[in-house]
Amino acid sequence: MKRLEDPRLLRGRGRYLDDVVLPRLLAVAFVRSPHAHAGLAAIEASAARAMPGVAAVITAAELRGLVRPLAPRLAGPGFTPSAWPALAERAVQFCGEAVAAVVADSPYAAADACEGVRVEYEPRPAVTDIDGALAAERVVFRRAYRHGDVDAVFAAAPIQLRERFTHGRCVAAPLEPRGVLADWDGETLTVWSSTQIPSALRSTLAASLGLQETHVRVIAPDVGGGFGLKTHVFPEELAVAALARLVGRPVKWIETRREQLLAGAHAREQRMDVEVAADPSGLVRGLRARVVADAGAYHIYPLTAALEPLGSAAILPGPYRAEVYEYEAVAVRTNKPPLGAYRGVGMTMGAFVMERVLDLLAERLALDPAEVRRRNFIPREAYPFVSASGLTYDSGDFPKALEQALALADYDALRREQAQARAAGRLLGIGVACYTEYTGMGSDVFRRRGMHDVRGVESATVTMEPDGGVRCATSFPSQGQGHATTIAQVIADRLGVALERVRLAPADTAVAPAGSGTFGSRGAVSIGGTVAVAADQVRARLQVLAGHLLEAGVEDVVLEGERAYVRGLPDRAVAIAELARLAYSPPCGGLPAALGPGLSATVYFDPPGPTFSGAVHVAVVEVDPATGRVRVARYVVVEDCGPVVNPTIVEGQVHGAVAQGLGEALQETLAYDEDGQLLTGTLMDYALPKADDVPAFEIGHLETPSPIMPGGVKGMGEGGTIGAPAAVANAVADAVRAHGVRITALPIRPETLRAVSSQG
């Protein structure tokens, strides 16, 4: 079925943050540091304050005592905290950090006035890379893990590989940048935000501003993409809320694209040194890894800098049976923007490294890459399986998924085509990548990681109105995943009403019950644990009422086609709308004794996961030796997310995620010079994939239901971004292997591949 929310959005009827306009609204622009590291000697704002249309210019001095900085917590050893202020006060820690805010009657007047603010900086040396941060001992997170007798396995292993892999810094770049609008009514703050976490943002604003949560309301209108970027709380949100209070009028800030590239949360940048112990058959016996992430200047709120290195280290063993494993996960502080969550956080690097390692092992042993994976897979009958990193994989069948993917791609024919191409001088490569991803995490996962600022619980309220229509409010908003469609399907199926009768309420903390938000591929899992259960409770109430009216047992009442009827006697029926009317306007004699008025249920759900999805990707690429350009000629995916609720939405998620993964593999990088200046500050420089960079996709599905989740559902929103860089990297390596070009870094740069023309 088609997505229900799309017609409104495609007709331009969406209501995004910048569409929200309030009376007396003012605009905010931020003065940002041109230095990566500098002391703040003085800020002179009198000229800016005198400019036409300017209502206020605010610095950290005016916010002192009004706004607490963002200071996420992480329990356990190895964590050094940081505090990210709403506006920098004594020093700036990265190029683009906000030092002042201008409030004016238009965004243009605010931007012009920013030029009138004079800031006296005292430049200091900047630390801009991992080696510099390690040398300066700027470690903000360190955690070690060991499973099994690693030393003995490595000492006995006849085959050993060592390699260093790196991943460049990139950014989520959703169509809609960040933004926030704040308005005060006495002591009550209302905030409209382009956010994935309305409840968490509410709690953070209340804590930072010294308010009770009942005095803060957060509304997330239509959100034009998030991809993890909007899972964080940022200083701008604190500053805008405080500005609205100081000037006594509603104020709004909309991020420019340059600001997003310069000062929003970044992603991925890390280095992994890995060692592999294997036997002559290609069976991986043990792993060692040291993961170091460039975390930027501050811990990101609320996830901290642990997220990227810890995620990569934990997922490195993938769907394979390594017996022993040890890792060290490290995050270091540099003078760059903080590293945060982005689709596939941590897992993309883990999959890239493991899949490249398996291809290197296959090359060493003269085996086909697919065969090496067959020999190392966890067999289906071994699930649930505890990985060498301590993760419990609940379900999966990678041997079957691989065979299904190879058949869909016609792998043997591809190898024959490749041989013919090489004979003709063409550089054609085939890459296989398999990965498993943790999805649907609950509070236990975050607590075991030491994260106390992420709740992990979700909730939903399902209400049948007096006319028989149904309204649903959830704690987890949508950023384009199709929640309105999926939720309507789930509710309509359970309550016997038409899809058009179901409405998903906008994300609003004044209406929806509290929860965590939408991230970590938790949407479908959360729907199964909240919406479905709440709808079942409303259905039970309808069945009791219908049974009373129809003089039938509750177990014999069927809800279908807008009617409640007696099983086997379809003519003994009553309209569901009539039942709803009676529930709110009881008949003479009242409702059944066990049934009070109303038809509403609220359910809170703490996912017992994680549950593990997975997929097999096959990429075919051709490298132009003259330019180094990589063309992705073909792309095949076989994914397993348990039961597929809506195939259109699932495949759309795969398409979008793979497109992002292709950009990550071949094009996207935030480049800095040695002074910490961003060199890729516009979309002319930061190369997002275009339509002609993305091939058509061939998708197959495999369903291994989760034994721990409602309905067996597993998450899958991030998988394409996890698998694509690994598959493309293996394909490119396969194409240029004969020329001695090594693929150990993402993105894969054309200038690196151009070397094959002189060697060919």
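Nothing in this text is a laboratory measurement; each read-out follows from the coordinates by a stated rule. None of these values were measured; they are calculated from a predicted model. Please note: Cβ atoms are built from the backbone with ideal geometry, for glycine as well, and neighbour counts cover all protein chains shown.
Between A155 and L134, the C-beta separation translates, for a Förster distance of 41 Å, into a calculated FRET efficiency of about 0.90. FRET efficiency for the pair E122 and A61, taken as 1/(1 + (r/R0)^6) with r the Cβ-Cβ distance and R0 = 25 Å, rounds to 0.90. Checking the cross-link filter: which lysines have an alpha carbon closer than 22 Å to that of K336, excluding same-chain neighbours under 8 positions apart? The qualifying lysines are K230. Using Cα centres only, tell me the gap between segment 527-589 and segment 220-287 in whole Å. Here the two parts' Cα centres lie 46 Å apart. Seen from G168, the other residues with C-beta closer than 11 Å to its C-beta sum to a net charge of 0, counting Lys and Arg as +1 and Asp and Glu as -1.
Label positions at R164 and E500, each projected 7 Å from the Cα along the C-beta direction, are separated by 6.4 nm. In the chain, the inverse of the mean reciprocal separation of distinct Cα atoms equals 27.5 Å; this is its Kirkwood hydrodynamic radius. Principal axis extents of the C-alpha atoms in segment 457-605 (largest first, rounded to whole Å): 47, 28, 22.
Quick one: net charge of G440's neighbours, Cβ under 9 Å, K/R +1, D/E -1? Counting the neighbours of G440, the net charge comes to +2.
Counting only C-alpha contacts under 8 Å and six or more residues apart, can you give the relative contact order of segment 457-605 as a whole percent? So the answer I get is 33 percent. Projecting label points 7 angstrom from Cα along Cα→Cβ for A207 and D536 puts them 3.3 nm apart.
Note on E578 and R90: the model spin-label points, each 7 Å out from Cα along the C-beta direction, lie 7.5 nm apart. Taking the charge dipole of the chain about its Cα centre, with +1 at Lys and Arg Cβ atoms and -1 at Asp and Glu Cβ atoms, the residue from A534, V618, V57 reaching farthest to the positive side is V57.
Tell me the relative contact order for the chain as a rounded percent, counting alpha carbon contacts under 8 Å between residues six or more apart. Walk me through the numbers on the way to the answer.
On the way: 1925 pairs, mean separation 115.2, N = 760.
Relative contact order for the chain comes out at 15 percent.
Residue by residue, segment 586-602 carries 3J(HN,Hα) couplings of x, x, 4, x, x, 8, x, 4, 8, 10, x, x, x, 9, 8, 8, 10 Hz when phi is fed to the Karplus relation 6.51 cos²θ - 1.76 cosθ + 1.60 (θ = phi - 60°); x denotes Gly or Pro. For a label point 7 angstrom out from the Cα of K400 toward its Cβ, which stretches of segment 692-716 have the backbone nitrogen within less than 19 Å? Taking a point 7 Å out along Cα→Cβ of K400, the residues of segment 692-716 whose backbone N falls under 19 Å are 699-709, 711-716. The phi torsions of segment 85-100, fed into the Karplus equation with coefficients 6.51, -1.76 and 1.60 and a -60° offset, translate into couplings of x, 4, 9, 4, 10, 9, 7, 9, 10, 7, 5, x, 5, 6, 10, 7 Hz, rounded to whole numbers, with Gly and Pro shown as x.
The distance from the alpha carbon centre of segment 318-340 to that of segment 489-521 is 36 Å, rounded to a whole number.
Helices meeting the span-like rule in the chain (full DSSP H runs, Cα extent of at least 20 Å along the helix axis, mean Kyte-Doolittle score of 0.0 or higher): 347-365, 532-550, 647-666, 719-736.
Based on the Kirkwood approach, the hydrodynamic radius assigned to segment 289-330 is 11.3 Å, with every pair of different Cα atoms included. Distance between Cα centroids, segment 356-393 to segment 14-76: provide it in whole Å. For segment 356-393 versus segment 14-76, the Cα centre distance is 51 Å. Taking a sphere under 9 Å around the Cβ of R494 and counting the other residues whose Cβ falls inside, with K and R at +1 and D and E at -1, yields a net charge of -1. Here the extension length gained between R447 and A745 equals 104.0 nm, from 0.36 nm per residue of separation less the Cα-Cα distance.
Fully extended, how many nm does the chain gain between R68 and D493 (0.36 nm per residue separation, minus their Cα-Cα distance)? Intermediate values should be presented prior to the final figure.
Working: separation 425, 0.36 × 425 = 153.00 nm, distance 4.68 nm.
Extra length from R68 to D493 when fully extended: 148.3 nm.
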